1. Separation between the residue 64 and residue 47 pseudo-spin-labels, each 7 Å from Cα along Cα→Cβ, expressed in nm?
2. Quick check: at a probe of 1.4 Å, how many percent of the accessible area of the chain sits on carbon and sulfur atoms?
3. Keeping every protein chain present and rolling a 1.4 Å probe, give me the accessible area per residue for the stretch 1-105 in Å².
4. When 1/r is averaged over all different Cα pairs and the result inverted, which Kirkwood radius in Å belongs to the stretch 1-78?
5. Can you run phi through the Karplus equation (6.51, -1.76, 1.60; θ = phi - 60°) for the stretch 41-52 and list ³J(HN,Hα) in whole Hz, with x for Gly and Pro?
6. Would you kindly state how much longer the chain becomes between residue 116 and residue 84 on full extension, computed as 0.36 nm times their sequence separation minus their alpha carbon distance, in nm to one decimal?
7. Once you have the Kirkwood Rh of the stretch 25-123 from its Cα pairs, apply Stokes-Einstein at 25 °C and 0.890 mPa s and quote D in µm²/s.
8. Roughly what % of DSSP beta bridges within the chain run antiparallel, to the nearest 5?
Amino acid sequence: MKPFNHTNAKSLEEAAAALSEGKTRLNAGGTDLLGTLKDNILPDYPKTVVNLKSIPGLDYIKEEDGMLKIGAVTRIADIAENTDVQSKYTALAQAAGKVASPHIRDMGTIAGNIAQLNRCWYF
């Protein structure tokens, strides 16, 4: 990997400010980003990587007004293992339990999984 700066954001505003500076990537679980950095496949290598897991309150699973709300940095494993999700949103719990390997589920986040850079082995 090439060198880069790493910062722990304390708020969404701080993360957004760092992102607006350019050549910045956001990181939560790191299961996808670290592989792309290691393989040097990004067209623009980041100058800074901003950790989102250091922002309080972004990892939650809750029901409000009849809707399930899941925070962006909630781990896939937490979704699969949550008893409310298992009982009321069975398909979501089952799908989360099938994503990747147990180790990846323990590190990967829901937002990272949705926003990951899809690539195949010859990318």
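1. Result: 3.6 nm between the two label points.
2. 53
3. 61
4. Details: mean 1/r = 0.0726 Å⁻¹.
The Cα-based Kirkwood calculation yields 13.8 Å.
5. Per residue, the Karplus-derived 3J(HN,Hα) values read 10, 7, x, 10, 5, x, 7, 9, 10, 9, 7, 8 Hz.
6. 8.9 nm
7. On the way: Rh = 14.5 Å.
Answer from the Stokes-Einstein relation: 169 µm²/s.
8. 40
The values are calculated or read from the model by the stated rules, or taken from the named source; none is laboratory data. For clarity, every value in this text was computed on a predicted model and none was experimentally measured. Quick reminder, even Gly has a Cβ in these numbers, built from the backbone with ideal geometry, and neighbours come from all protein chains shown. With ligands, DNA and RNA removed, areas are computed over all heavy atoms of the protein, side chains included. Shrake-Rupley method; radii C 1.70, N 1.55, O 1.52, S 1.80 Å.
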